[in-house]
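Take a look at the structure set out below.
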Amino acid sequence: MAATTTTLLTRSFINFLSISSPLSLQVPLRSFHTSLTACKYPNWKMIKEVKHRKIVKEFAFERMNINALRKNKIIPPAIQEIADKEIHALPRKSSISQLHKRCMLTSRPRGLVTRWRLSRIVWRHEADYNKLSGVQRAMW
Amino acid sequence: MTALEVEKPLLEERPQPSQMVQEVCAGGEGGKLKEGKLTSQKAVERVIEEDQVAVKQSLPEEKLETAKDKRASAQKKLNDLLKSLASADPMPMEPPLKLSKPKARQKKPINLDIQDQDSELPQPDEPVIEPELLSATREVAESLGGDVAATESELLSTLRSHTVNGSNDGKSSIDWSDLFVGMKVERTQSKPAEALPRRRRHHQDPSAQRTIFGDGVPNKKSLPRTITRPDPRTLARVDIFGAECLGIFTGESSKVSKSAVPASSSLVVWEAARKRELQQCVYHPPDNSFTEMIQWTKQGKLWVFPIDNEVGLEEEKSVGFHEHVFLGHHLDGWCPQRGPIRHFMELVCTGLSKNPYMTVERKRAHLEWYKNYFKEKEELLKELGAIEATP
């Protein structure tokens, strides 16, 4: 057990060394934990959200098809019931409605401006510094 | 004045101080009183003093006369001094030093074979001066002006000296050695190159006193301002063809082993770290945000300006709209001609044809999924009566 952990650690470190090099010299590697996820997002909650969205993406195709079967009055209800069960069997996190949006920069769960994926505070800040295209202070 | 004359006034009467005062005033001493600077009181005092002095001396009449004589002599002396000062001649000049003058050396003639020499100079062929030269000298003297005879005589004397010396030698020999007879040639040993001072300012005072003053801090001026390059004269001579060729630039480096550690070493982490270090040496981060943005754009992280909405959809341009719109043929073969399934699938096809954002492959995949799904549910569908159980 210890040996395997050490080998994993060394491998991860090696990967870190090789991948932490400048992006222009990136070498594709097939292994786990190739990059430090913690450095990419402001919050661990945000990281969980990212994982959630990945699962959503994975099952999106299937879910859409099944929902299309369910949400109509043409398909016989028997099949629709089966479809209900099928969709219920899919992981809960694969549902879009289960996602909780967060601000991309601050990971704020509430007060978001959807189009820019930012919280209202960050949105205001960026708008004041002229970073948002077409956004202007209201004046009438 | 005789003694008899002196005795007479004494016998008659003794002069009184008032009379003395008058006499004094009339006498030469009155000059002081005439100046007016002295006050009347002072003058009186002085007079009284003189009177007392005179009284002491004036017992015999002779003494009066001697005082007068003295006064007169003193006056005379004064006058003489003044006269001498007025008409004093300047300090009498001492006889000037007789400095030694250099001897008038006789110039030795340099017999050169110069053909174009002017005839102004005397030719040393004949001892006797030619009459032409004499007339020429006379004319020159007259033109110069001043003492004609003196100049003429001088010129003639010089001519004679030239003729006397250079008359015998008719050869055109260049006696340069005569010039160097009296001169001494300095023979300095060739100094070694190292001894030559390269920077004289620092060799002026090599003692430590110059570099370090009382503070103990070295003087800034004494320290060399610029980096002293190695003196090329002191560097050792290197023979570049003495050793074997390393072959660094000729591509023979593959023969040379780069690292002593073998490739299959257990130091995996160390190797990785070494590789990373090499990469870091080669790679330089961007200088500023502009270059950083350029880098990101090349990597595909940033939008390329001018903005193209169909970035990443280059392959879709080759796909025609008919493939997007006409999806009915995908239902052929498996989908029943009538029934709820058909209805559903046609709706699906219509929806997909209206979707411009999906790729054709994805649309086909959707249809394929339904095909598989309904194939699994075929028995159930038949029981329900959705699919007509036709052979």
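Only the coordinates and a few stated rules stand behind these numbers; no lab work does. Just so it is clear, the model here is predicted, and its values are computed rather than measured. Neighbour counts are summed over all protein chains in view; Cβ atoms, including those assigned to glycine, are modelled from backbone coordinates with ideal geometry.
Is there a simple number for the mean count of other chain Cβ atoms within 10 Å of the Cβ of residues in A:73-80, and what is it?
6
Please state the equivalent ellipsoid semi-axes for region B:307-391: what are the square roots of 5 times the Cα gyration tensor eigenvalues, largest first, in whole Å?
Numbers: eigenvalues 203, 25, 19 Å².
Values for region B:307-391, descending: 32, 11, 10 Å.
Could you check the spin-label model distance between A:Arg110 and A:Val50? Points 7 Å from the Cα along Cα→Cβ, value in nm.
2.6
Could you list B:Leu246, B:Leu159 so that the one with the fewest beta carbons within 10 Å of its beta carbon is first and the one with the most is last? Walk me through the intermediate numbers first.
Values: B:Leu246 10, B:Leu159 18.
Going from sparsest to densest Cβ surroundings: B:Leu246, B:Leu159.
For the pair B:Glu277 and A:Tyr129, what calculated FRET efficiency results from E = 1/(1 + (r/R0)^6), where r is the Cβ-Cβ distance and R0 = 25 Å, to the nearest 0.05?
0.05
With a 10 Å Cβ neighbour count serving as the proxy for reagent exposure, in which order, fewest first, do B:Val319, A:Val122 appear?
B:Val319, A:Val122
Quick check: Cα centre of region B:267-286 to Cα centre of region B:316-391, how many Å?
54
If I take R0 = 35 Å and measure r between the Cβ atoms of B:Val360 and A:Asn72 in this structure, what FRET efficiency does the formula 1/(1 + (r/R0)^6) give, to the nearest 0.05?
FRET efficiency, B:Val360 to A:Asn72: 0.90.
Calculate the FRET efficiency for B:Val181 and B:Thr226 from the Cβ-Cβ distance with a Förster distance of 51 Å, rounded to the nearest 0.05.
0.50
Can you sort B:Phe290, B:Phe326 from fewest to most other Cβ atoms within 10 Å of each residue's own Cβ? Can you show the working numbers first?
Details: B:Phe290 9, B:Phe326 12.
Sorted ascending by nearby Cβ count, the order is B:Phe290, B:Phe326.
Assuming 0.36 nm per residue, please report the length gained on full extension of the stretch B:Ser153 to B:Trp334 beyond their Cα-Cα distance.
So the extension gain works out to 50.0 nm.
Taking all pairs of different Cα atoms in region A:32-140, averaging 1/r and flipping that mean, what Kirkwood radius in angstroms comes out?
16.9 Å is the Kirkwood radius here.
At 7 Å along the Cα-to-beta-carbon direction for both A:Lys101 and B:Asp308, put a label point, then send me their distance in nm to one decimal.
3.0
For region B:273-340, build the charge dipole from Cβ charges (+1 Lys, Arg; -1 Asp, Glu) around the Cα centre, then report which of B:Pro340, B:Met293, B:Phe326 sits farthest towards its positive end.
B:Met293
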